[in-house]
Amino acid sequence: MPSLLAVAIDAPLRRLFDYRPPAGSPADTLEPGVRLWVPFGRRRAMGVLVERRAQSEIPAARLRSAIATIGAEPVFDRPLLELLVWAADYYRHPIGEVIAAALPGPLRTGADADATTLRWALSVAARTGGLPPLNPRAHRLREMVSALESRRDAGEAELAALSPRWRDHLRELERRGWVTELRLELPKSPATTYPVARGPELNAPQQAAVAAIGEASDRFQQFLLHGVTGSGKTEVYLRAIERIVEQGRQALVLVPEIALTPQLVARFAERFRVPLAVLHSSRTDLERLDAWRAARSGEAPVVIGTRSAVFAPLARPGLIVVDEEHDSSYKQQEGFRYSARDLALVRAQRLSIPAVLGSATPSLESLERVREGRASLLTLPERAAGARPPTVSLVDLRRHAATQGMATPSVLAVQRHLDAGGQVLLYLNRRGYAPTLFCPACGWVAPCPRCDARLTVHQRDRLLRCHHCGKEQAIPETCQQCGQPAKPVGQGTERIEETLAQLFPGVPLARIDRDAVRRRGALEETLERIRSGEVRLLVGTQMLAKGHHFPGVTLVVVLNADQGLFGIDFRASERLAQTIVQVAGRAGRAERPGEVLIQTEYPAHPLLTRLATSGYDDFAAAALEERRTAGWPPFTRIAVLRAEAARREPAHAFLERARAVVQEISAAGVEVLGPAAAPMERRGGHYRAQLLARAASHGPLQRMLADWLPSIEVLPEARRVRWSIDVDPAELF
Ligand SMILES: [Zn+2]
Ligand SMILES: [Zn+2]
């Protein structure tokens, strides 16, 4: 009879912790997935019960008892808890941190998981004058009291408006007996069928796609929905989801970070008059908690969110959709390094429901799964509403010198499209004014003191900024080496904006990059000015390439395709091709035909010629052959052990030791390469290096990692570095 509890605790340790059950709650009354307060070292920690055990390796005398359960109901149902355990194991990440990543913030600190909402009100004592008066100088506290006096109760939104430190003030008032917490039951909407607004007529390929997804409704099947930009993928998702909603089940929709705009949510809300649960990192803790609860109770038939929404609880799961499945934001790059796209497939398989991955530029992994017969391909070859695909041509920068980043044929094309009433989009994947501050007299370039990198000139902010570590300094007037005047060299989006204003005076212009849209709501405002047709010229980084619809754009100019042509990462060419095709896809989406110009110094490069003449599929087929020959994923499986330290030596010493350990464990079928320094070895003051483990399939790699990590963790050298393991890395360094 299992009488002990194995508990996951949010700590960087790859193990569970054993406890006796809390007093009055025998182990067999506790469901896995339930939260517990447990003693942990000298503090109290929140843990999640993962399994019950009959015995422990810890001697009985040293076993401690859990303090209490938090809520009677598990926060994860069995399938979701099992998925989290699987993910911790697969990505070799501490289970407690994996589980914490799947919980909204308030639930990690003991908030109620049930559908209640937190409000606060003045206590009876405060209302009846039974408390000593507050200090007249405690302005913030008095302000909060008078805000509460004027209403029955207040929630997070109202109180947060008073002061950024409202939680501190509230806690202080609670301590003094002025305020009490209320938990209000949220009204539960009855689980009924909802009206669905009628969508447009589907074309034949769309109909076929919807039918195929519908036929798979009660079993796992993975679909790759491959459609060029503007071919109506979203409409296929909406129809497939419609069926699920009509059956009273739930659809989980994952979208890339930047694509989750109010427009997208509005599009879903217009079609489905149902509660939508929206999970997104920029929402407040309580908003996310509400969405999480609505997903868990089944009250929200459609759950839509970014990466971590793959862990959203679902009462009646029916379908998982991953939009823009090639997007790199699905891979978490720090801490728990999981791929939401890959986990969506694992989750759908475990739930026996279909999964639809959609893209105009599918990842090579997904295309290979289709070729192997593991995924079904659904193709949308046509652009919806008869729009024609854009023509693509290369502008040879060796023949046409560029002035301030623009070659003459590009300038003429921009003028032609503006004259014809079109909008023009110019893409450059480099924000700031210029990538370098350079001294023509001695050749000095302004370096980042903390990285092996140059500082970028940000003219508007009058700063040099490092795009790798964030270091900022004032722009020096003169060269720091010889004292001659230094000048910005090369092009960034800020400088292109300036050039365009000179070349096309009076034409309304907008810029979209991380600097330009830093202010909350700025991106939305700019997008609206583009949609309304007010903006005619638009310059930006790859933020432009992600999911925004610009029906008035007739010309797209890729200002520099060459960064990435010779990247050392095995995914560099795939990423470049996806970006170019995605940016190009913004052109000519309505009835007007589009034109795409790609400026390059390498017009004969096979990647560019293939993209320009025969398109993404042809590129992808060739790129997959290269991967097969070179032994890279998806034809192999890899994991990367990274280390960094303030000096070079400890990072390499650790990796050398980790490599030596491989001889002592069972590592059959796994090849270990390195240690190798990162191409940009020093970043943010840290030296970085890595080992790469590679195997033909994931079985041998997983078996090796299972043996390897416990041996690495206890190495004395491990204490002198920051290290991490990345299974299926998106980037090599
Ligand atoms: Zn100089
Ligand atoms: Zn730096």
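The values are calculated or read from the model by the stated rules, or taken from the named source; none is laboratory data. All values reported here derive from a predicted model rather than from experimental measurement. Note that we place each Cβ from the backbone using ideal geometry, even for glycine, and neighbour counts take in every protein chain shown. Accessible surface is based on the protein model in full, side chains and every heavy atom, while ligands, DNA and RNA are left aside. Shrake-Rupley method; radii C 1.70, N 1.55, O 1.52, S 1.80 Å.
Below are the figures for this structure:
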| quantity | calculated |
| --- | --- |
| For the chain: Kirkwood Rh in Å [reciprocal of mean 1/r, alpha carbons] | 28.8 |
| Charge-dipole axis of the chain as Lys and Arg at +1 and Asp and Glu at -1 on Cβ define it, positive-most pick from Pro21, Ile725, Ala54 | Pro21 |
| Nitroxide proxy distance, nm - points 7 Å out along Cα→Cβ at Gln473 and Arg140 | 3.6 |
| Count of Lys pairs (Cα-Cα under 30 Å; at least 8 positions apart or interchain) in the chain | 6 |
| Check: segment 41-173 dipole with +1 on Lys, Arg Cβ and -1 on Asp, Glu Cβ, in debye | 640 |
| For Thr436, distant residues with modelled amide H under 5 Å away | Val457, Val489 |
| Virtual spin-label span in nm between Arg628 and Arg518, 7 Å along Cα→Cβ | 4.8 |
| Over segment 3-120, relative contact order from alpha-carbon pairs under 8 Å, at least 6 apart, % | 32 |
| Global size of segment 520-609 as Cα Rg and Dmax, reported in angstrom | 14.4, 43 |
| Lys, Arg +1 and Asp, Glu -1 on Cβ, resulting dipole of the chain about Cα centre, debye, nearest 20 | 1500 |
| Under-5 Å amide H pairs with Ser65, H placed in peptide plane, nonlocal only | Arg20 |
| Whole-percent pair-distance distribution, where bins are 10 Å wide, for the alpha carbons of segment 292-340 | 25, 47, 26, 2 |
| Environment charge at His169 (Cβ cut-off 9 Å; Lys +1, Arg +1, Asp -1, Glu -1) | +1 |
| Three semi-axes of the equivalent ellipsoid, segment 1-64, Cα gyration tensor, whole Å, largest first | 16, 14, 12 |
| Contour excess over end-to-end distance, with Cα ends at Arg416 and Leu131 and 0.36 nm allotted per residue | 95.0 nm |
| Solvent-accessible area of Trp444 with every protein chain in place, 1.4 Å probe, in Å² to the nearest 10 | 30 |
| Percent RCO, i.e. relative contact order, over segment 506-607, from Cα pairs under 8 Å lying at least 6 residues apart | 29 |
| Carbon/sulfur fraction of accessible area - the chain, other protein chains in place, 1.4 Å, % | 50 |
| Translational diffusion of segment 117-167, µm² s⁻¹ [Kirkwood Rh, Cα pairs; Stokes-Einstein; 25 °C; 0.890 mPa s] | 211 |
| Kirkwood hydrodynamic radius of segment 35-79, Cα pairs, Å | 12.1 |
| Hull shadow area, averaged, segment 437-518 [alpha-carbon convex hull, nm²] | 6.2 |
| Furthest towards positive pole of dipole, Ala360, Val370, Val322, structure part the chain, Cβ charges | Val322 |
| Surface per residue (accessible, 1.4 Å probe) for the chain, Å² | 44 |
| Distance (nanometres) between label positions extended 7 Å along Cα→Cβ at Gln502 and Arg78 | 7.0 |
| Rg/Rg_globular for segment 1-117, with Rg_globular taken as 2.2 N^0.38 Å and Rg from C-alpha atoms | 0.99 |
| Neighbourhood charge, 13 Å Cβ-Cβ cut-off, centred on Ala622 and excluding it, Lys, Arg +1 and Asp, Glu -1 | -2 |
| Full-extension gain in nm, Ser711 to Ser65, via 0.36 nm per residue minus C-alpha separation | 229.6 nm |
| All-pairs alpha carbon distance profile, segment 344-450, 5 Å steps from 0, percent | 2, 7, 9, 12, 11, 10, 11, 11, 10, 8, 5, 2, 0, 0 |
| Test item: Cα-centred dipole of segment 310-437, Lys/Arg +1 and Asp/Glu -1 on Cβ, debye | 80 |
| Selected from Ala696, Ala643, Ile665, residue furthest toward positive end of dipole (segment 641-733; charges at beta carbon) | Ala643 |
| Within-13-Å neighbourhood charge of Phe268 [Cβ basis; K, R +1; D, E -1] | 0 |
| Relative contact order [Cα under 8 Å, 6+ residues apart], segment 549-610, whole percent | 49 |
| Debye log10 I(q)/I(0) for segment 364-514, one point scatterer per Cα, at q = 0.13, 0.16, 0.20 Å⁻¹ | -0.81, -0.98, -1.20 |
| Span from the segment 332-346 Cα centroid across to the segment 27-105 one, whole angstrom | 21 |
| Euclidean distance of C-alpha centroids, segment 590-623 and segment 430-485, integer Å | 34 |
